[in-house]
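A short worksheet on the structure shown next.
Bear in mind that the values in this text are calculations on the coordinates, not laboratory data. If you're wondering where the values come from, they're calculated on a predicted model, not measured in any experiment. Cβ coordinates were reconstructed from backbone atoms using ideal geometry, including for glycine residues, and neighbour counts include every protein chain displayed.
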Amino acid sequence: MDAIRLSPPRRLTLPVANRWGAGQMNVLDFGDPERPVDLIFVHANGFNAMTYRSLLAPLSGTLRIWAPDLRGHGRTTLPADPDGRRGWADHRDDLVALLDALDGPPAVLAGHSMGGTSALLAAAERPERVSQLVLLDPVIWRRWVVMAFHLPLLDRLASRIPLVKSARRRRAVFDSRGQAMAAYAGRGAFRGWPEIMLADYLADGLIETEAGLALACPPEWEASNYASQSHDPWRALKRLDRPVRILKAEAGSTCHVPDNPHGLPHVTVETVHGGTHFFPMLQADVARDALFDAAV
């Protein structure tokens with residue numbers, strides 16, 4: 001593994017203040033700090049920017065990349081209150097603040113899972129700051145499901161789905177990083193992950209507390225991200241005129257955009273053969289090539 005891949009990124013902090021609360025957004029900064037930002041990459045629910053270091057760092061010899069920790073994740077200190085939350089407008093608005101901080105030409109905006117969807121929502125608000133989008137298995141439900149999530153009854157029922165329940169039951173505190181590593185390695189969502197990627201996730205995914213090493217993304221916040229689905233990615237896709245490239249998993253995809261979406265000529269959809277929802281971890285070369293192709 002080369003020096004670029006192993007070298008730690010710089011850390012930036014961006015003050016953010018909006019209707020969802022004020023604090024500091026942690027941003028990893030890869031590549032030449034003298035060049036404009038080429039690519040912004042947004043992580044999935046429950047993870048953090050550092051998780052994707054081995055995906056992004058090999059690109060830093062050519063590109064400058066910003067990778068933020070979303071609200072309630074990693075080292076970002078923005079308040080994360082799940083009470084009364086119904087959608088991802090908070091993540092959208094935080095990313096709008098990040099786009100507003102760019103002082104160069106429009107950048108490529110990309111993300112995985114929730115990060116891809118949040119990037120899409122933000123791009124629709126600041127299209128002039130975005131050159132194109134690369135979305136890695138974004139969470140985009142069928143149109144009728146998105147509409148149904150606006151109904152009060154279904155909104156309440158969402159909290160009862162198995163994914164939400166399992167997130168709430170997640171162990172929140174560990175005695176050591178080694179204990180956390182042993183608990184996660186080869187299991188559940190982490191099955192098949194390279195050891196370095198799991199270690200990078202834990203590097204910013206655990207914070208020191210009096211009780212021990214706690215998850216930086218509290219289980220209740222992770223569950224809230226799964227349950228809060230009243231945002232509308234289809235509306236964002238329709239509002240945009242920038243190129244959008246979607247790579248979706250062959251198995252277990254969270255993206256329900258068809259291969260040739262009607263009325264969206266700027267959107268291309270490809271299936272990653274053999275890929276699961278975690279193909280950015282398990283088939284990183286596929287994700288990396290897509291990011292590089294968009295940003296050069």
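Here are the numbers:
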item	result
Antiparallel bridges, percent of DSSP beta bridges restricted to the chain (to nearest 5)	45
Protection-proxy order for peptides 62-70, 79-87, 95-103, each taking the mean of Cβ atoms within 10 Å per residue, highest first	62-70, 95-103, 79-87
Dipole of the stretch 1-76, positive end: most advanced residue of Val27, Ala57, Ala17 [Cβ charges, Cα centre]	Ala17
Pairwise centroid distance, computed over Cα atoms, of the stretch 2-56 with the stretch 223-296, Å	20
Mean separation of Cα contacts under 8 Å (6+ apart) over length of the stretch 174-296, as relative contact order %	19
